[in-house]
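Participant: The structure under discussion is supplied below as structure tokens; questions concerning it will follow.
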Amino acid sequence: MSLLSKNMTLSFPNHSRSFDGTKNRVRFWGYDTAIEISFFVEAAALRMLVPDMGDGEADTLKAFDVARKRIHEAANNVYAHRGRKGSYSYILRPDDF
């Protein structure tokens, strides 16, 4: 069972993010109390959020920064609806937005 209650959201105090070039996605982290949760957002989702996103690492990370608020909202939603179910890693796809 998730520790995330209806009134509690994940926190995102760590503004770090990194580009995973092998899978063309960005990794970032959220926290459910003291538990670190890894998230990945696919480049296809970023391109949907930032249609003029260029190609490559720098442009992908810039698109993430532009859409950070919406990405965090989607991460909260995915985490709340999917629960932990033994996983500490989630992938955000275009249909999550």
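The values are calculated or read from the model by the stated rules, or taken from the named source; none is laboratory data. What you see is a predicted model; the values in this text were computed from it and never measured. Note that we place each Cβ from the backbone using ideal geometry, even for glycine, and neighbour counts take in every protein chain shown.
Participant: What pairs can you find where one residue is in the stretch 31-44 and farther than 24 Å from ALA63 by Cβ, the other is modelled with pLDDT of 90 or more and not β-branched (Val, Ile, Thr), and their Cβ atoms are less than 8 Å apart, with a gap of 6+ or different chains?
Facilitator: Listed pairs, sorted by first residue: ASP32/LEU10; ASP32/TYR79.
Participant: Check off (1) at pLDDT below 95; (2) part of a loop (DSSP other than H, G, I, E, B); (3) buried (at least 18 other Cβ atoms within 10 Å of the Cβ) for ASN14 and give me the number that stays unchecked.
Facilitator: Failed condition: (3).
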